[in-house]
Amino acid sequence: NCATGAWTLRFSAGGSPTWVQATGSIGSDTGFAGIAPYSFEGPDSLDTSDPNLATFFMRVINSGQDGIDFAPNAGASLCVDPGVAAGVDVRIGASKTLVTAAAPFDPSLDPPLSCP
């Protein structure tokens, strides 16, 4: 949300009858004003012990959906590593722009570009 600076990350199995998982991270060079899990259960985890890097594990099946809601501090450079296997679609933004799943990216850029 450009007006509020709030971001939403959602992870879905897309109807898969087998477990799909993501082990990734969200980095903000200025830290986070807020960060919270969405629909976590069982083995899902969100570690925010590093103020500039949140790491996560999410596992979903069928129509399940997990996620993270976060707001970086003002002026932040972001780096999202979705932590999914190659070949898994990663889409961002209202237009659902497809990005390369295997590479971390900065979602605040248009188009989203790779980040270190």
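The values are calculated or read from the model by the stated rules, or taken from the named source; none is laboratory data. Worth saying up front: this structure is predicted, and the values here are computed from it rather than measured. Neighbour counts run over all protein chains shown; Cβ positions are idealised from the backbone, glycine included. We work out accessible area using only protein heavy atoms, side chains counted, and drop any ligands, DNA or RNA first. Shrake-Rupley method; radii C 1.70, N 1.55, O 1.52, S 1.80 Å.
Could you tell me what percent of the accessible area of the chain is made up of carbon and sulfur, with a 1.4 Å probe and every protein chain present?
Exposed carbon and sulfur together represent 55 percent of the surface.
With springs connecting C-alpha atoms under 10 Å apart, model the chain as a Gaussian network and identify which of 45, 63, 12 has the largest mean-square fluctuation.
63
Could you work out the percent of alpha carbon pairs in the chain separated by over 17 Å, rounded to a whole number?
53 percent
Multiply the residue separation of residue 41 and residue 69 by 0.36 nm, subtract the distance between their alpha-carbon atoms, and state the gained length in nm to one decimal.
8.5 nm
Pick from 66, 106, 89: which is most flexible by mean-square fluctuation in a GNM of the chain where alpha carbon atoms under 10 Å apart are linked?
The residue that fluctuates most here is 89.
Show 29, 50, 44 ordered by accessible area, largest first, where the area counts protein heavy atoms only and the probe is 1.4 Å.
Of 29, 50, 44, the descending order of accessible area is 29, 50, 44.
Classify the stretch 36-99 from the C-alpha gyration tensor, please: rounded if a/c falls under 1.5, else prolate or oblate depending on whether a/b exceeds b/c.
oblate
Per residue, how much accessible area does the chain have with a 1.4 Å probe, in Å²?
56 Å²
Have a look at 55, 30, 18 and tell me which one the Gaussian network model of the chain (Cα, springs below 10 Å) gives the largest fluctuation.
Residue with maximal mean-square fluctuation among 55, 30, 18: 18.
Report the relative contact order of the chain, percent, no decimals, based on alpha-carbon pairs under 8 angstrom and at least 6 residues apart.
For the chain, the relative contact order is 29 percent.
Be a star and scan the stretch 61-84 for residues whose amide nitrogen sits under 15 Å from the point 7 Å along the Cα-to-Cβ vector of residue 114.
Once the point is set 7 Å along Cα→Cβ of residue 114, 80-82 turn out to lie under 15 Å by backbone N, inside the stretch 61-84.
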